[in-house]
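The values are calculated or read from the model by the stated rules, or taken from the named source; none is laboratory data. This structure is a prediction, so every number in the text was calculated from the model and none was measured. FYI the Cβ positions are ideal-geometry reconstructions off the backbone, even for glycines, and counts take in every protein chain you see.
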Amino acid sequence: MSRIAKTFVAMAVVALSTATAPAFGASTASSLPTPQKDPGATVQRLTPTEMADLKSRAPEKFERMVNMVSKSRESSRAGASGLASTDEPTVYRLLNEASGKCLAIGSSSTEDGAHAIQWHCLNTYGQLWFSDDDNHIINFNSGKLLAIGSSSMENGAHAIQWDYTGSDGQRWYFDTHNHIINGNSAKFLAIGSSSTEDGAHAIQWDETGSAGQRWL
């Protein structure tokens, strides 16, 4: 091998040995949309009248929500959320486009590990959600965070609720096409097989373009 060829081989070996590979399960910046602290039109917001009614009917849950959001705003005060500390959190419903049904926690459970499902929309706390400044989606009834079980990277992994852990599997990103994307796996929140049945489980899956992966 010529001296020049040996030099190129040596350079290639150095480049490969010093390259930084992403950690297993790490999300790449290009795979996630720009975080939207306020989901905006992606969700069905409660009206001011509904918010006032919610506050009067469930004052303890409402206060817990305000405290959770205020805490996240304090921790990200240096960020660019653009939300004043006095702004009231937005409570919303998440309707699956394919079924028209609401994302809910089964039986309005308050237990860690309870599955997220779809159900025809009712006036129940277990179908209400809010977001904080750390890209968490939080169930109004339980105060627990929507997550992918065990921060799985696999298609078909179930969405559940769990207490705060700080993991990326509990972070979600709203894009401009009504998708909700997991911060760990970069997979889309979906209803399995785009089912229209009550009780169908919410899962994560690679993008398919189906209405079962869009939320209104």
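Does R57 fit the bill of being modelled with pLDDT of 85 or more and under 16 Å from the mean Cα position of the chain (by Cα)? Show your work before the answer.
Details: modelled with pLDDT of 85 or more: yes; under 16 Å from the mean Cα position of the chain (by Cα): no.
For R57, the condition - modelled with pLDDT of 85 or more and under 16 Å from the mean Cα position of the chain (by Cα) - is not met.
Here is a yes/no grid of residues against (1) touching a residue at least 60 places away in the same chain (Cβ under 8 Å); (2) assigned to a strand (DSSP E or B):
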{"residue": "T165", "(1), (2)": "no, no"}
{"residue": "Y173", "(1), (2)": "yes, yes"}
{"residue": "N178", "(1), (2)": "yes, no"}
{"residue": "S185", "(1), (2)": "yes, no"}
{"residue": "A190", "(1), (2)": "no, yes"}
{"residue": "D198", "(1), (2)": "yes, no"}
{"residue": "G209", "(1), (2)": "no, no"}
Here is a list: G126, G183, G113, G149. Which entry is surrounded by fewer than 20 Cβ atoms within 10 Å (Cβ to Cβ) and either closer than 28 Å to S70 by Cβ or among the basic types (K, R) (or both)?
G113
When you scan the stretch 162-177, how many residues do you find that are in contact with a Ser or Thr (Cβ under 6 Å, 6 or more places away or on another chain), at pLDDT 95 or above and within 18 Å of A190 (Cα to Cα)?
1
All-but-one check, A147 against (1) out of contact with any Gly (no Cβ under 7 Å at 6 or more places or on another chain); (2) without any contact (Cβ under 8 Å) to a residue 40 or more places away in the chain; (3) not in a loop (DSSP other than H, G, I, E, B); (4) not polar (S, T, N, Q), failing number (1)
Quick test of your reading of the structure: Y92 fulfils all but one of (1) surrounded by fewer than 18 Cβ atoms within 10 Å (Cβ to Cβ); (2) of a type in the set (S, T, Y); (3) modelled with pLDDT of 95 or more. Name the failing condition by number.
(1)
